[in-house]
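Comments concern the structure below.
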Amino acid sequence: MTRTCLALDRALSELEQFDEQQCRIVELRYFAGLTIEETAEALRISPSTVKREWEIARTWLYQRMKDRGVMDPCGSLSIDSLNRSPESGRPRT
(Lines give C-alpha, C1' and ligand atoms only; values in the text may rest on other atoms or scores of the structure.)
Protein backbone atom coordinates (compact mmCIF):
# COMPACT_ATOMS: atom_id res chain seq x y z
CA MET A 1 0.00 0.00 0.00
CA THR A 2 1.13 3.51 -0.66
CA ARG A 3 1.61 6.04 2.08
CA THR A 4 -1.52 7.85 0.90
CA CYS A 5 -3.63 4.66 1.07
CA LEU A 6 -2.39 3.85 4.55
CA ALA A 7 -3.08 7.38 5.74
CA LEU A 8 -6.55 7.29 4.20
CA ASP A 9 -7.28 3.96 5.90
CA ARG A 10 -6.18 5.41 9.25
CA ALA A 11 -8.23 8.58 8.71
CA LEU A 12 -11.32 6.51 7.81
CA SER A 13 -10.87 4.46 10.98
CA GLU A 14 -10.73 7.69 12.98
CA LEU A 15 -13.79 9.03 11.20
CA GLU A 16 -15.64 5.81 11.98
CA GLN A 17 -14.92 6.32 15.70
CA PHE A 18 -16.16 9.89 15.45
CA ASP A 19 -19.14 9.37 13.12
CA GLU A 20 -19.95 5.91 11.80
CA GLN A 21 -22.60 7.15 9.38
CA GLN A 22 -20.18 9.55 7.70
CA CYS A 23 -17.68 6.72 7.33
CA ARG A 24 -20.32 4.49 5.68
CA ILE A 25 -21.22 7.33 3.33
CA VAL A 26 -17.59 7.73 2.27
CA GLU A 27 -17.24 3.99 1.73
CA LEU A 28 -20.39 3.81 -0.37
CA ARG A 29 -19.82 7.00 -2.35
CA TYR A 30 -16.06 6.84 -2.91
CA PHE A 31 -15.22 3.15 -2.91
CA ALA A 32 -18.48 1.61 -4.14
CA GLY A 33 -19.24 4.50 -6.49
CA LEU A 34 -22.87 4.90 -5.40
CA THR A 35 -24.83 8.05 -6.18
CA ILE A 36 -26.36 10.27 -3.50
CA GLU A 37 -29.73 8.58 -4.06
CA GLU A 38 -28.28 5.04 -4.00
CA THR A 39 -26.37 5.81 -0.81
CA ALA A 40 -29.49 7.24 0.82
CA GLU A 41 -31.45 4.13 -0.09
CA ALA A 42 -28.71 1.79 1.16
CA LEU A 43 -28.46 3.60 4.50
CA ARG A 44 -32.18 4.36 4.76
CA ILE A 45 -31.63 8.08 5.17
CA SER A 46 -32.66 11.06 3.07
CA PRO A 47 -30.61 12.24 0.09
CA SER A 48 -30.26 15.65 1.76
CA THR A 49 -28.68 13.96 4.80
CA VAL A 50 -26.27 12.08 2.53
CA LYS A 51 -25.30 15.33 0.76
CA ARG A 52 -24.72 17.16 4.04
CA GLU A 53 -22.80 14.31 5.71
CA TRP A 54 -20.78 13.63 2.53
CA GLU A 55 -19.63 17.24 2.41
CA ILE A 56 -18.64 17.22 6.09
CA ALA A 57 -16.83 13.87 5.80
CA ARG A 58 -14.94 14.89 2.63
CA THR A 59 -13.80 18.12 4.23
CA TRP A 60 -12.75 16.33 7.43
CA LEU A 61 -10.81 13.64 5.54
CA TYR A 62 -9.13 16.18 3.28
CA GLN A 63 -8.02 18.28 6.25
CA ARG A 64 -6.83 15.21 8.17
CA MET A 65 -4.73 14.05 5.21
CA LYS A 66 -3.37 17.54 4.62
CA ASP A 67 -2.47 17.92 8.31
CA ARG A 68 -0.48 14.70 8.11
CA GLY A 69 1.46 16.02 5.14
CA VAL A 70 0.34 13.11 3.00
CA MET A 71 -0.82 15.33 0.18
CA ASP A 72 -0.99 18.89 -0.90
CA PRO A 73 -4.21 20.72 -1.82
CA CYS A 74 -3.73 19.62 -5.44
CA GLY A 75 -2.75 16.06 -4.53
CA SER A 76 -4.34 12.79 -5.47
CA LEU A 77 -6.89 12.90 -2.67
CA SER A 78 -8.15 16.45 -2.95
CA ILE A 79 -11.73 17.31 -2.14
CA ASP A 80 -12.38 17.28 -5.88
CA SER A 81 -10.97 13.76 -6.19
CA LEU A 82 -13.26 12.58 -3.38
CA ASN A 83 -16.09 13.66 -5.68
CA ARG A 84 -14.96 11.32 -8.44
CA SER A 85 -15.27 7.61 -8.85
CA PRO A 86 -11.85 5.98 -8.32
CA GLU A 87 -12.50 3.62 -11.23
CA SER A 88 -13.58 6.09 -13.91
CA GLY A 89 -12.48 9.49 -12.68
CA ARG A 90 -15.92 10.81 -13.66
CA PRO A 91 -17.72 13.22 -11.34
CA ARG A 92 -20.37 11.63 -9.13
CA THR A 93 -23.92 12.95 -8.98
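The values are calculated or read from the model by the stated rules, or taken from the named source; none is laboratory data. The model shown is predicted, which means the values in this text are computed figures rather than measured ones. Don't worry about glycine lacking a Cβ; one is built from the backbone with ideal geometry, like all the others, and counts go over all protein chains shown. Ligands, DNA and RNA are excluded from the accessible area calculation, which covers all protein heavy atoms including side chains. Shrake-Rupley method; radii C 1.70, N 1.55, O 1.52, S 1.80 Å.
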Elements of type helices (runs of 4 or more DSSP H) in the range 1-57, at least 1 residues being more than 29 Å from Gly69 (Cα to Cα): 36-43
For the range 1-46, which residues satisfy the criterion of being within 14 Å of the chain's Cα centre (by Cα), at pLDDT 95 or above and open to solvent by 80 Å² or more (accessible area, probe 1.4 Å)? Glu20
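Listed here are the residues, each with its yes/no results for (1) farther than 19 Å from Leu6 by Cβ; (2) aromatic (Phe, Trp, Tyr).
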position	(1), (2)
Ile36	yes, no
Ala40	yes, no
Ser46	yes, no
Val50	yes, no
Trp54	yes, yes
Thr59	yes, no
Gln63	no, no
Lys66	no, no
Val70	no, no
If you check every pair at least six apart or on different chains, which have Cβ atoms under 7 Å apart with a residue in the range 13-31 that is farther than 16 Å from Thr59 by Cβ first and a residue that is among the β-branched types (Val, Ile, Thr) and modelled with pLDDT of 95 or more second? Leu28/Thr39
